[in-house]
Amino acid sequence: MLKIIQMAGLAAGLLIAVAATAPQFAQAQAQQSPPAASSEPATAPAAAPAARPATATATEVVENPYGLQALWQGGDIVARITLGILVIMSMGSWYVIITKVYEQAKMGAQARAAEKAFWKAPSVRQGAEGLKTGSPFRFIAESGLEASSTHTGLLGNVDLNTWVTMSIQRAIDNVHSRTQDGLVFLATVGSTAPFVGLFGTVWGIYHALTAIGIAGQASIDKVAGPVGEALIMTALGLAVAVPAVLGYNWLIRRNKTAMDQVRGFGADLHAVLMSGPKAAAHAAHVAAPARG
């Protein structure tokens with residue numbers, strides 16, 4: 001009977017042990033078994049995003065709302081007239097500067113031609129005819145010859161030396177007057193262009209103050225246009241005046257060099273013209289005792 005009881009207890013302990021280890025064993029088998037195939041098709045991994053094509057860096061062009069074009073389109077009649085006056089002054093100044101530089105270079109070439117050919121001629125008449133028409137040196141030579149040939153009548157009462165000197169000096173003054181053409185315009189532009197630009201500046205500031213008064217506040221969008229207009233006018237006035245002043249001083253200096261050559265030619269011509277009558281008088285004085 002005792003053995004039967006022991007056998008029954010042992011069997012009960014074995015059942016309890018098996019019941020406790022069965023769930024752990026089933027869980028281990030579930031982990032080791034391969035996963036079942038899904039009924040839904042496996043989706044492919046998402047493709048990597050395509051690389052963006054390299055594009056050239058575009059430069060954004062921002063239109064200047066306060067430039068010269070805006071000044072012309074947005075300005076009133078007074079601003080446009082002021083701008084037009086400055087443009088005319090600038091064009092006239094550059095025209096005078098370029099023209100005078102060409103004329104002075106041409107005059108220098110004529111001076112070299114007179115120095116080279118005139119004094120080697122057998123007579124003053126032939127030397128003058130050898131110079132180009134329109135040359136100031138030919139004009140002076142012809143004036144001296146005309147003074148020598150017209151020393152008759154009432155003019156004969158004037159000393160020949162004085163008369164020839166006056167004629168040559170008058171011709172030199174005429175040449176000097178022609179070299180001064182256009183310089184008055186440069187002087188006028190150089191002295192008045194800054195004030196014309198200043199007038200445009202004052203007019204622009206007036207518009208700025210008017211815009212502030214109408215708006216009731218000094219916002220940048222109300223005053224930027226008129227103030228920019230004023231500054232542009234100031235800059236234009238200076239840009240017109242500075243080349244005119246510099247060109248005037250430069251041309252005056254070049255004219256001085258050219259006129260020194262003209263005066264030297266006139267002095268030498270006067271000496272040559274005066275040597276003719278003196279030589280003739282000296283020959284007649286020498287021949288008179290010989291005949292006696």
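The values are calculated or read from the model by the stated rules, or taken from the named source; none is laboratory data. Note that this is a predicted model, so its numbers are computed, not measured. We place every Cβ from the backbone using ideal geometry, glycine too, and count neighbours over all the protein chains shown.
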What about Thr82, is it polar (S, T, N, Q), closer than 30 Å to Asn249 by Cα and in contact (Cβ under 8 Å) with a residue 60 or more places away in the chain?
-> yes
Could you identify the single residue in Gly134, Gly108 that is within 43 Å of the chain's Cα centre (by Cα), within 30 Å of Val189 (Cβ to Cβ) and not in a helix (DSSP H, G or I)?
-> Gly134
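Check whether at least one residue in region 99-109 is more than 30 Å from Ala241 (Cα to Cα) and free of Cβ contacts under 8 Å to residues at least 24 places away in the same chain, and report yes or no.
yes
Residues checked against (1) under 39 Å from the mean Cα position of the chain (by Cα); (2) at pLDDT below 85; (3) of a type outside the set (Lys, Arg):
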| residue | (1), (2), (3) |
| --- | --- |
| Pro194 | yes, no, yes |
| Thr234 | yes, no, yes |
| Ala239 | yes, no, yes |
| Arg253 | yes, no, no |
| Gly264 | yes, no, yes |
| Leu269 | no, no, yes |
| Ala283 | no, yes, yes |
Of the residues in region 108-125, how many are among the polar types (S, T, N, Q) and over 14 Å from Leu269 (Cβ atoms)?
-> 1
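Among the residues of region 168-182, are any hydrophobic (A, V, I, L, M, F, W, C), out of contact with any helix residue (DSSP H, G or I) (no Cβ under 6 Å at 6 or more places or on another chain), surrounded by 13 or more Cβ atoms within 10 Å (Cβ to Cβ) and part of a helix (DSSP H, G or I)?
no
State yes or no: is Ile212 part of a helix (DSSP H, G or I), at pLDDT 75 or above and surrounded by 13 or more Cβ atoms within 10 Å (Cβ to Cβ)?
no
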His151 being surrounded by 12 or more Cβ atoms within 10 Å (Cβ to Cβ) and not in a helix (DSSP H, G or I) = yes
